[in-house]
1. Rounded to the nearest 10 degrees, what's the angle between the helix 136-151 long axis and the longest principal axis of the chain, both from Cα atoms, 0 to 90?
2. Taking the 0 to 90 degree range and rounding to the nearest ten, how far is the long axis of helix 63-76 tilted relative to the main principal axis of the chain, both from C-alpha atoms?
3. Which one, Val110, Val275, Val168, has the greatest fluctuation when you compute a Gaussian network model over the chain with C-alpha springs under 10 angstrom?
4. Want the number for Ala134 to Tyr117: 0.36 nm per residue separation, take away the alpha-carbon distance, what's left?
5. Can you spot the lysines whose alpha carbon is less than 21 Å from Lys102's alpha carbon? Ignore those fewer than 8 places along the same chain.
6. Between Ala65 and Asn276, how many nm apart are label points set 7 Å from Cα along the C-beta direction?
Amino acid sequence: MRRLIKLTGWIVWIVLSGNVVTAQPHAPDILKFADELYRQGDHFRAISEYKRYLYFFPADSLQLATQFRIGQAYQAQGKWQFALQSYAPLLQADSARYWQRKAYLSSIVVAYRQGDYSRSGELADQLFAYCAPADTCWQEGHLLKGLVAARQYDWEQARQEFMPVSPVLTRLAADGLRLPRRSPVVAGLLSALLPGMGQTYAGRWQDGGFSFLLISAAAWATYQAHEDDHTVRLAVFGLGGGVFYLGNIYGAIAAALQFNHRVQVHHFRHIELEVNARSQVKGIVE
């Protein structure tokens with residue numbers, strides 16, 4: 001009887017042990033499921049599955065690829081800081097140059113999208129230490145560093161970065177040095193001489209016409225109050241006209257600055273789209 005009980009116990013233990021072994025996750029299954037979640041746009045759950053794989057299989061050959069995939073998933077969600085943190089271990093992976101370079105390129109893009117242009121440029125400079133001029137990563141690095149310079153409207157720096165890799169982008173950056181612009185000083189002086197003229201100079205015809213009519217009306221009302229010797233009306237219209245006149249000068253200066261900004265942004269968008277079309281790095285534009 002004791003033997004039967006002992007034998008039964010062994011059988012139960014073997015069956016349970018077999019179930020436990022069977023229940024253990026398999027690396028290919030986890031990654032396949034995680035990749036499917038990523039393709040479906042369920043990046044949050046995909047990250048969980050990728051991290052589960054890293055936990056259960058710390059010595060697997062796909063560790064670095066999975067770490068990179070986590071960074072991509074965070075990047076796809078616009079979680080820039082988490083993406084940078086995910087790429088960071090790969091930046092130190094000197095024994096795996098392929099993933100190190102990919103992580104550098106993606107980190108440059110993430111810092112760029114984050115608005116940290118200084119950090120983006122620093123990462124590009126660090127990348128060049130691991131790339132030769134014949135390498136794709138060297139060309140990609142110059143494309144991205146040129147993009148960062150263009151985003152800050154440093155057209156000359158952008159031109160120098162694009163020069164070794166793209167004649168088209170080099171020309172576009174050089175064109176940035178010759179963009180039409182309006183002088184805020186000239187705009188202010190013009191509106192001081194003739195209200196509305198500065199806005200017209202900056203391309204704001206309607207604002208210029210409105211300023212001219214408004215200040216002309218205030219000046220006429222002030223003159224009439226003076227002719228009628230009406231002190232209160234004179235003070236009200238005189239003070240109001242003076243405020244409108246100063247506002248007209250300020251508006252002209254602002255219009256010139258806005259004109260320059262619009263022209264620069266429009267030109268930069270051309271460069272950004274061109275870099276996005278040429279680069280193999282994902283996520284440069286939304």
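1. 30 degrees
2. Once rounded, one gets 30 degrees.
3. Maximum fluctuation in the GNM of the chain, among the listed residues, is at Val168.
4. 3.5 nm
5. Candidates past the 8-residue exclusion: Lys51, Lys79, Lys145, Lys282.
6. Those two pseudo-labels are separated by 2.9 nm.
Here, each number is a calculation from the coordinates, and none is a lab measurement. Remember, it's a predicted structure, so these values are computed and weren't measured experimentally. With ideal geometry, Cβ positions are generated from the backbone for all residues, glycine too; neighbour counts draw on all protein chains shown.
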